[in-house]
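The values are calculated or read from the model by the stated rules, or taken from the named source; none is laboratory data. In this text, all values refer to a predicted model and were calculated from it rather than measured experimentally. Please note: Cβ atoms are built from the backbone with ideal geometry, for glycine as well, and neighbour counts cover all protein chains shown. Surface areas here come from the heavy atoms of the whole protein model, side chains and all, with no ligands, DNA or RNA. Shrake-Rupley method; radii C 1.70, N 1.55, O 1.52, S 1.80 Å.
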Amino acid sequence: QVQLVESGGGLVQPGGSLRLSCAASGSIFSISAMGWYRQAPGKQRELVAGITGGGGKNYADSVKGRFTISRDNAKNTVYLQMNSLKPEDTAIYYCHLYVASGHYWGQGTQVTVSS
């Protein structure tokens, strides 16, 4: 069994910052990739940022320069530092883990950017 526990969402004003965390536990032997997706009302889920087992990172064009993904290998935890937040960043953010046994998703955490 693999579990993902997310934290850090909330309400923030435009231009503000939030930091999301996702801790993975369970039968994890080798992580292929971890990342964050988001889904806004009426829209499809989209990749926000990902980090591979080797440390390679990729970002959606809409968040480049504002969001930073990082990982603590010892804790099997991935972080998403979100700066200069915009109203269009409002969505449910989901943690994703890809390991040998398959793909796993967190329960989602709400991020709302509003004045």
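Out of 77, 109, I need the residue that is touching a Cys at 6+ places or on another chain (Cβ under 9 Å), polar (S, T, N, Q) and at pLDDT below 95. Which one?
Working: 109 fails: at pLDDT below 95.
Exactly one of 77, 109 is touching a Cys at 6+ places or on another chain (Cβ under 9 Å), polar (S, T, N, Q) and at pLDDT below 95, namely 77.
Take the conditions of a type in the set (Ser, Thr, Tyr), open to solvent by 40 Å² or more (accessible area, probe 1.4 Å) and modelled with pLDDT under 95 and apply them to residue 17. Does it pass?
For residue 17, the condition - of a type in the set (Ser, Thr, Tyr), open to solvent by 40 Å² or more (accessible area, probe 1.4 Å) and modelled with pLDDT under 95 - is not met.
Any chance you could count how many residues in region 80-115 are aromatic (Phe, Trp, Tyr) and either crowded, with 18+ Cβ neighbours inside 10 Å or on the phi > 0 side of the Ramachandran plot (or both)?
Within region 80-115, the subset aromatic (Phe, Trp, Tyr) is 93-94, 98, 104-105.
Narrowing further to those that are either crowded, with 18+ Cβ neighbours inside 10 Å or on the phi > 0 side of the Ramachandran plot (or both): 93-94, 104.
Total meeting the criteria: 3.
Taking region 69-115 as the region of interest, how many residues are within 24 Å of residue 25 (Cβ to Cβ) and among the small types (Gly, Ala, Ser)?
Residues flagged as within 24 Å of residue 25 (Cβ to Cβ) and among the small types (Gly, Ala, Ser) within region 69-115 amount to 7.
Within 20 Å of residue 21 (Cβ to Cβ) and modelled with pLDDT under 95: is that true of residue 58 in this structure?
Answer is no for this residue.
Matching residues to (1) polar (S, T, N, Q); (2) at pLDDT below 95; (3) buried (at least 18 other Cβ atoms within 10 Å of the Cβ); (4) touching a Gly at 6+ places or on another chain (Cβ under 6 Å):
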position	(1), (2), (3), (4)
28	no, yes, no, no
36	no, no, yes, no
39	yes, no, no, no
52	yes, yes, no, no
64	no, no, no, no
72	no, yes, no, no
